[in-house]
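Some notes on the structure that comes next.
The values are calculated or read from the model by the stated rules, or taken from the named source; none is laboratory data. Because the structure is a prediction, the values reported are computed rather than measured. Every residue, glycine among them, receives a Cβ derived from its backbone with ideal geometry; neighbour counts consider all protein chains shown. Please note that ligands, DNA and RNA were not included when accessible areas were found on the heavy atoms of the full protein model with its side chains. Shrake-Rupley method; radii C 1.70, N 1.55, O 1.52, S 1.80 Å.
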Amino acid sequence: MSTTHPFHISVKELVEFCCREGDLILGFRQAPSAQEGIRGHRHVQKQRPEGYQPEVTVQHTCHQNSIELSISGRIDGVFTEDQPVIIEEIKTTLYVIESLPDSMRSLHLAQAKVYAYLYCLEHELEQCQIQMTYFHIEKKTQQNFCEPYTLEVLESFFDSLIQYYLTWLEKLVDYQEQRNQSIQELEFPYGKFRPGQRELAVAVYRTITHQKQLITQAPTGIGKTVSTLFPAVKAIGENQHDIIFYLTAKTLGRALAEDTLADMGQHGLILKSLTLTAKDKICFCKMGEGYSEAECPYTKGYYDRLPAALNEFFCHDHFTRPVIERLAKQHEVCPFEYSLDLALWMDVIIGDYNHVFHPSASLKRFQEDKKYRKTLLIDEAHNLVDRARDMFSASLPKQQVMRLHRITKPHHPLLAKPLNRINRDFLTLKKACLDQEEGIQQWEKDCYFCILQPDMEFSLLAFCGAFEQWLLEESSASLEVKDKDELMDFYFQARQFLRICEMYDDHFVTLIQFFPEYNKQEMEITLYCLDPSQQLQGTYKLSHGSIFFSATLLPFSYYIRVLGIEEEPNQLTLPSPFPPANFGVFVSRYIKATYAQRAHYYDEIADLILSVTQCHPGNYLICFPSYQFLKAVKELVESRNRTATIIEQTTEMDELARREFLKQFSESKHQQGLLGFAIMGGLFGEAIDLPGAQLIGVIVVSVGLPQICLERELIKDYFDGIQWPGFAFAYQYPGMNRVLQTAGRVIRSSSDHGIVVLVDERFAQYRYRQLFPPHWQYTITTAPEQLKEEIQQFWNRH
């Protein structure tokens, strides 16, 4: 008896897979938002007469060989009293209907035709009418287009779609059977498990099978990537879930995931993986090089060439960035959009946090469809706290609005009018600040905040609609490319602002900043997310399981709260896999590095650095919380140093300069040692690998507290107000995470030996010592002589 392979697809998904044609029209991807669309649908439905049925569910099942395909959807409305009945499909829009491309209107009609066929089939009707209703959100106007159809015509159309889709599914089933067999036969790719790896792998597997959440601290060297990916892949083979999202904040983390999957492939694994790359990095048509995004040749006719490009899915296993770029050029399709279309069929998707958590996430289709049983593997999860705050915040600069108004006013009134309206909204808010209206508080001379959402939605919505309309008109070609690109940039800012407006509640605050030193007209409004936990939870709830892992996730209670992790997740803390004696941790209790006192200790800190590094010459990383602090101490060290090479992280350092900085550590020319001065938690705080003699010590100066600012003070007050430790959440825990990440650069393998020196008396206090990793065996020193003696003894043992 053959196995039945069940699949489900919505009417919208079926039509998009089978019927898209013509150009990729990027502007239309962004609007309207889900909430705007819902409100527009309800507005139209409320105007309909008696006998009108809104939101009518239809469903149908097709069979071919071993495949059982279920198709379902909801018709926006049915006029049941009319003869023949009218099937209504409602589309909300922000622009003039006549300017909609034919390809888009054809897609809308195709969706309505499938709905109509399923309704006629269920109710045994031989004919019906289809009414396309376009509702303009801003103007509250609608246009209707109605045509009659027979069941025979609709059935022919439906059958053509189904046959095309079933052919694809048959090839997919063949692949999945090969995949599952290979997973069942797959052994751990690196032979024996390292200490801690099996424990972590078992915890991940159990979390997936029980649809739970896991938070785990696993020190550097355990091999977190393979210990999470291997059990997650095994779970796919046992039908425990469908898709793995491996999410990380760093390019190095994505590369490690790619290498791990490739190694599994060397051991017989057959699996499809995709690495997503940010749009501005992978797109072939760079802005400002003679044409704008809307004129990109890789978007022209994109959907006409997409079917052939999608068939490459069956010819490759790992769709890394080079593979995507090669195939996209071969088929002349946009590489970013091609990645998104391929993503629907992948087993593993490797990408940035943004691809899943951001309000405008490019993978929203996974979030909205519960048929995808997806597991989130969140690498270096400590980074998600600040990244999430950024994702769920939005800013608008007044100066940009004024500049764009001046550009568009002479020849583009369609845009100039809403831009002028936005500028008036800014002025209204500025007056409210200066008049100290109720609810608005002043933090310092030119900075205000309030818990009230600014009333700008109507103006921004009008601009977005006007801009999308303008993009389709010939007049848009009269602007210079740089001006058109700036308008596009502001459009995306406005859309993000509108999305955050929809979320705005007591987890947010509004910041109003004036910049009189640059321009008396300049001001900026920011909707700032104090607590992203609620927004993150929405993503977790749509996921099969979520695994959070990092070398620095202490205390668990802090990360569970700010990341919105369930109240009782699975928890796992693993010891270091390396001999404790190989790692020396020393606290210098005799130096004060607070902001108020550090200047009095510059000489002592410089002497400490020279003493430590001369005890055992080699390569050292010396980290400070700020450039000012770094420069002051570095100058003293340089004046007293006679042997070691000194290099410094600069404010202008780009990726190339960063690589050159790190290259210095791997070269053997520094016979008397290398001292690299850097900023704590910055470019060199994590995601660097300097094993063996490349790095034998790290000196961390101060407990790394973030600089006092309005945002941090508001976070502190917010958590204090809900009975959580505000200072710890806003300053202490983020600061210590930077310290621990920096310290984690020293020991990278079982043969490494190295030291960490923590320079600040606060490190000796219990509230900071309790955040040290359990495997640290530290020594607190009270004088320079004691510190030097302890470090000499450490190196004498090795």
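Odds and ends about this structure:
- Of all the residues in region 515-548, those that are over 27 Å from residue 722 (Cα atoms) and crowded, with 20+ Cβ neighbours inside 10 Å number 4.
- Scan region 583-611 for residues that are farther than 14 Å from residue 761 by Cβ, open to solvent by 10 Å² or more (accessible area, probe 1.4 Å) and assigned to a helix (DSSP H, G or I) and the total you get is 6.
- Selected residue (only one of 237, 221 is out of contact with any Cys (no Cβ under 6 Å at 6 or more places or on another chain) and closer than 30 Å to residue 579 by Cα): 221
- The sole residue among 36, 50 that is surrounded by 18 or more Cβ atoms within 10 Å (Cβ to Cβ) and farther than 30 Å from residue 177 by Cβ is 36.
- Hits in region 706-739 - residues which are more than 23 Å from the chain's Cα centre (by Cα) and under 17 Å from residue 587 (Cβ atoms): 732, 736, 739
- Meets criteria (touching a strand residue (DSSP E or B) at 6+ places or on another chain (Cβ under 9 Å) and either among the small types (Gly, Ala, Ser) or free of Cβ contacts under 8 Å to residues at least 12 places away in the same chain (or both)) for residue 596: no
- Unique match (being of a type outside the set (A, V, I, L, M) and either farther than 22 Å from residue 54 by Cα or without any contact (Cβ under 8 Å) to a residue 12 or more places away in the chain (or both)) among 122, 147, 138: 138
- Pick from region 504-514, criterion open to solvent by 10 Å² or more (accessible area, probe 1.4 Å) and either of a type in the set (A, V, I, L, M) or in contact with a strand residue (DSSP E or B) (Cβ under 7 Å, 6 or more places away or on another chain) (or both), ranking: nearest to residue 569 (Cα to Cα): 507
- Count - residues of region 420-470 that are among the small types (Gly, Ala, Ser), in contact with a helix residue (DSSP H, G or I) (Cβ under 7 Å, 6 or more places away or on another chain) and modelled with pLDDT under 90: 1
Every residue, every condition in (1) part of a helix (DSSP H, G or I); (2) in contact (Cβ under 8 Å) with a residue 40 or more places away in the chain; (3) under 30 Å from residue 65 (Cα atoms), yes or no:
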| residue | (1), (2), (3) |
| --- | --- |
| 177 | yes, no, yes |
| 180 | yes, yes, yes |
| 191 | no, no, no |
| 200 | yes, yes, no |
| 205 | yes, no, no |
| 216 | no, yes, no |
| 221 | no, yes, no |
| 227 | yes, no, no |
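- The residues of region 122-139 that are open to solvent by 50 Å² or more (accessible area, probe 1.4 Å) and within 19 Å of residue 95 (Cα to Cα), listed by number, are 138, 139.
- Here residue 228 meets each of (1) open to solvent by 10 Å² or more (accessible area, probe 1.4 Å); (2) under 24 Å from residue 566 (Cβ atoms); (3) at pLDDT 95 or above; (4) within 22 Å of the chain's Cα centre (by Cα) with one exception, condition (1).
- Scanning region 297-312 for residues that are in a loop (DSSP other than H, G, I, E, B) and of a type in the set (Lys, Arg) turns up just one, 300.
The rows are residues; the columns are (1) at pLDDT below 90; (2) of a type in the set (A, V, I, L, M, F, W, C); (3) under 20 Å from residue 605 (Cβ atoms).
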| residue | (1), (2), (3) |
| --- | --- |
| 647 | no, yes, yes |
| 654 | yes, no, no |
| 661 | no, yes, no |
| 667 | yes, no, no |
| 682 | yes, no, yes |
| 685 | yes, no, yes |
| 694 | no, no, no |
| 701 | no, yes, yes |
| 705 | no, yes, yes |
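- Test: residue in region 612-626 that is of a type outside the set (D, E, K, R), more than 25 Å from residue 752 (Cα to Cα) and open to solvent by 60 Å² or more (accessible area, probe 1.4 Å): no
- Entirely in region 397-511, the helices (runs of 4 or more DSSP H) that have 1 or more residues that are basic (Lys, Arg): 398-408, 413-434, 481-503
- Test for residue 672: is it part of a helix (DSSP H, G or I) and either over 27 Å from the mean Cα position of the chain (by Cα) or not hydrophobic (A, V, I, L, M, F, W, C) (or both): no
- Options 337, 380: the member that is crowded, with 21+ Cβ neighbours inside 10 Å, within 24 Å of residue 23 (Cα to Cα) and under 18 Å from the mean Cα position of the chain (by Cα): 337
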